[in-house]
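What follows is calculated from the coordinates using simple rules that are stated; it is not laboratory data. Computed from a prediction, not measured in an experiment: that's the story for all the values here. In this analysis, Cβ positions are derived from the backbone assuming ideal geometry, glycine residues included, and neighbour counts consider all displayed protein chains.
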Amino acid sequence: MGMRIVFGLMASHENPAVVAQLVDAVSPHRVVLHQDAACASSTKLERPNLCAVPNASATGWGNWGFTRAILRTVRHAAEVHEFDYFQLLSPSCLPIRPLADFRAHILRDRVDIHADLMPVEGDDDTFMTFGYRTYLPGSTLRFRLLRRMRGWYFGARPPLVQQHSLSLHRRMPRPAMTPTALGGYAGLALTRLAARGALGTHPFGPTLRPRIGSTWFGAHRHACERMLQMSEEEPWFSGFKGLHLVDETLLATLIAQTGLRIGASNHAISDFDDEGHPRVLRLADMPELDAGGHFFARKFALQPEDAARQMALEWMGVVSSRMPAPIPSRVAPASGLRADQADASLTPQGAPIGTPRLSIQPM
């Protein structure tokens with residue numbers, strides 16, 4: 001039985017050549033492109049496997065816009081295209097294994113959704129890393145107070161731990177009765193009050209607990225349809241709209257509430273810097289990516305000729321005329337299929353990555 005895959009691609013200000021490189025890499029699979037309406041490029045792409053989400057919205061940052069755009073992309077894919085599996089990508093993502101291996105994985109892995117997520121209330125450090133923006137709207141003085149007290153809890157320059165595709169702060173030991181430590185205890189207590197609704201209403205309750213996670217999920221069609229149905233029918237859904245950085249909370253909570261089987265993300269995400277942004281992948285990172293067993297990775301540099309990008313394309317079997325560095329030996333992935341069982345049509349044919357042509361037509 002075939003596996004029809006549709007990729008959702010969330011683009012904003014990126015170089016069209018970078019977008020074209022990714023679209024070509026996953027060909028012949030369909031790519032549904034949501035182009036941020038606030039960053040529309042004058043150069044549009046034309047590819048046989050590419051179509052645009054009509055009436056795309058401005059995505060913004062830290063607000064409701066990006067979540068809305070993701071759900072609009074999933075809805076367009078479900079309404080217009082036949083597919084068995086949907087995978088969300090950004091222009092800074094690339095496959096790092098042949099798509100035949102990805103197809104074999106989602107055929108044999110008995111889960112409905114692949115996503116990295118975890119409970120906000122799992123432990124005190126996770127709770128204080130994300131709690132300030134989980135229970136209160138980002139426009140309020142109460143939110144700003146919790147964010148300030150979060151700093152008291154962790155102290156100056158706390159170490160970062162990478163977990164579930166996110167970066168978490170870790171509190172360093174300190175004397176218990178110093179003013180900074182006492183402020184941290186007060187921040188933890190006040191954030192717990194916010195979680196109970198004492199500082200203002202929020203959508204959470206005994207049957208709806210907040211999750212946090214990466215936005216870059218993959219899901220079978222029935223799981224996508226379940227998520228869309230819940231986004232339209234569940235009364236708690238609109239309660240997320242005023243949150244700061246809402247997408248990491250809303251999508252993870254929505255996925256957890258589907259009641260479906262959830263497996264590990266298909267993505268490897270580079271570790272985060274002190275500002276909370278994933279750093280750009282370099283050639284030195286590629287052996288570790290290869291050993292991790294994932295099928296996609298981010299965050300690649302947004303230049304088509306970047307050496308790490310070219311290496312990932314070579315691993316996929318995509319031929320490029322520009323390979324800036326030799327390719328190291330890699331561990332052969334376990335595809336789960338014999339070579340004679342693999343669907344050759346799922347492996348991109350080795351045409352050089354070309355220059356984008358003009359105009360994309362919505363389909």
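Odds and ends about this structure:
- Among residues other than residue 191 with Cβ under 11 Å from its Cβ, the summed charge is +4 (Lys and Arg +1, Asp and Glu -1).
- Taking packing as the residue-averaged number of other Cβ atoms within 10 angstrom, the listed peptides 90-100, 215-225 run from highest to lowest as 90-100, 215-225.
- Span from the region 259-316 Cα centroid across to the region 148-169 one, whole angstrom: 22 Å
- Anisotropy class of region 1-83 from Cα gyration tensor, a/c 1.5 cut: oblate
- Cα convex hull, region 217-266: 72 Å³ per residue, rounded to a whole number.
- Scattering profile of region 104-255 at q = 0.16 Å⁻¹ [log10 I(q)/I(0), Debye over alpha-carbon scatterers]: -0.90
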